[in-house]
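This report concerns only the one structure given below.
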């Protein structure tokens, strides 16, 4: 995707999101599914996933990496798995456990996204040690752009575990604007590689191989 000069960060974000959506729609049948398999293999074989005991995942939309194999892997390894659940009254997402005894027990939530069929239990994000976070655009130094609602930025406030962005490699750009409310990632996974800031979130990137097996 291309970068340019923009009058403000909002215009720049709109441009990046528009280009990302166009790129996703242009992909041939099966391309995103194949890329998802590569991403899941890389994540599952990583030290971050192996060490994590309490993991935040998400149920994917059509234009996000399909991480359902990671859900099955996490539950199969005895890890505690959590998914976002929309709290309509508060207009924000909270976190709920996905019961290992009934992983298929999901209901349709906000925007038609499946979520655990449980009552709200206000799990503290500080208790989780690894989160795989979707986004529409990521920069090489792990700045994340979501879909503009700020749901994940609010959800991740106070999150002290590893924040790992996940997307397809065509959604990664050289740079992206950062505002005060934006929560940066510690690293970003794609099917081709993982991007990891050399220090902090303000410059430099340390590319790593896409597969760790």
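Summary of values
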| quantity | calculated |
| --- | --- |
| Order of 79, 126 under a 10 Å beta carbon neighbour criterion, fewest first | 126, 79 |
| Label-point gap, in nm, between residue 47 and residue 77 - each point 7 angstrom along Cα→Cβ | 1.4 |
| Residue-span extension gain [residue 14 to residue 154] - 0.36 nm each, minus C-alpha spacing | 48.4 nm |
| Highest-first arrangement of 140-149, 82-91, 127-136, where packing means the average Cβ count within 10 Å | 127-136, 140-149, 82-91 |
| In Å, descending, principal axis extents of the Cα set of segment 9-209 | 42, 37, 37 |
| Taking segment 9-209 and dividing mean pair separation by its residue count, relative contact order in percent (alpha carbons under 8 Å, at least six apart) | 20 |
| Segment residue 126-residue 61, extension gain: residue separation times 0.36 nm, minus the distance between their alpha carbons | 20.8 nm |
| By average C-beta atoms within 10 angstrom, highest first, the peptides 10-23, 178-191 | 178-191, 10-23 |
| Fraction of antiparallel bridges per DSSP, segment 9-209 only, in percent to nearest 5 | 55 |
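Coordinate-derived values only; no laboratory data. None of these values were measured; they are calculated from a predicted model. For neighbour counting, all protein chains shown are included, and Cβ atoms are generated from backbone atoms with ideal geometry for every residue, glycine included.
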